[in-house]
1. Quick one: which of Lys4/Lys41; Lys4/Lys79; Lys4/Lys142; Lys27/Lys79 span more than 26 angstrom between C-alpha atoms?
2. Please state the charge dipole magnitude for segment 34-110, taken about the Cα centre, from unit charges on C-beta atoms (+1 on K and R, -1 on D and E), reported in debye and rounded to the nearest 20.
3. Charges on Cβ only, +1 for Lys and Arg, -1 for Asp and Glu, centred on the Cα centroid of segment 7-148; of Val104, Val36, Gly22, which one is farthest towards the dipole's positive end?
4. Would segment 3-124 count as rounded, prolate or oblate if I go by the C-alpha gyration tensor, calling it rounded below 1.5 in a/c and otherwise prolate when a/b exceeds b/c, oblate otherwise?
5. If you take the square roots of the eigenvalues of the alpha-carbon gyration tensor of segment 45-89 and sort them as a ≥ b ≥ c, do you get rounded (a/c under 1.5), prolate (a/b over b/c) or oblate?
6. In debye, nearest 20: dipole of segment 69-141 around its Cα centre with unit charges on the Cβ of K, R (+) and D, E (-)?
7. Could you work out the local net charge near Met50, counting Lys and Arg as +1, Asp and Glu as -1, over the other residues with Cβ closer than 11 Å to its Cβ?
Amino acid sequence: MRAKVAERRSRINLTVLEDLHGEQFLKAIDIVLAAVSEHCKRFATLARDMAAQESRELRRDELLAIAENCEIIAHEPPKTFWQALQLCYFIQLILQIESNGHSVSFGRMDQYLYPYYRRDVELQQSLDREQAIELLHCCWLKLLEVNKIRSGRIPKLLPAARCTRTSPSADKIWSTVNRRTPSTRCRTRSSNPAAACALPSRTSACVTTPG
């Protein structure tokens, strides 16, 4: 995508006002794309560092797979369901960081992830259905680690915005989510929330920094 942006910028005529505005927009896009790539590469490095210190073979292999996934999606389109979901998580995390947690939907992820799911699970069978479901569960657990940081004045200005569950239907929904969450299989660690990393597979939990 950066190559496409660079090609478009090469055709900009900076003596034209509209093109000048377009150049500023394209430059901003390039900055964002570079930052996203760097974000992915940093977590690839983190996963490899953790793998070097891991004594369990299955977990070490998982961390190396996470590192490879992050390295691929840093510069290329995802090739597998796991990589596609990993990229979705990173983009959602970056959006949450940029907007401080305001409502940002995944949209119809069932539609844009289905080609990867169909190829890996239904056609090539390189990924078990249960593995794919666990990856989705773990993605949701990681998203729940995101915390909104607000000024102390906000609750006073927007009392209706406080997050409360007051209706029986809401309690029922939350109890259903809690029952379905694979907390025994996908554990999370919040000692360093800023270092929330990549998605796990069947063997263990979400990647975070050690300690």
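Quick note: the coordinates plus some simple rules give every number you see, no bench work behind them. It should be emphasised that the depicted structure is a prediction, and the values quoted were computed from it without experimental measurement. Cβ sites come from the backbone with ideal geometry, for glycine too, and all protein chains shown count toward neighbours.
1. Numbers: Lys4/Lys41 21 Å; Lys4/Lys79 20 Å; Lys4/Lys142 32 Å; Lys27/Lys79 28 Å.
The pairs that break the limit, which is 26 Å between Cα atoms, are Lys4/Lys142; Lys27/Lys79.
2. 60
3. Of the candidates, Gly22 comes out farthest on the positive side.
4. prolate
5. Prolate, because a/c is 1.5 or more and a/b exceeds b/c.
6. Working: 5 positive and 9 negative charges, 37 e Å.
Taking the Cα centre of segment 69-141 as origin, the dipole is about 180 debye.
7. Working: positive: Arg48, Arg59, Arg60; negative: Asp49, Glu54, Glu62.
Neighbourhood net charge equals 0.
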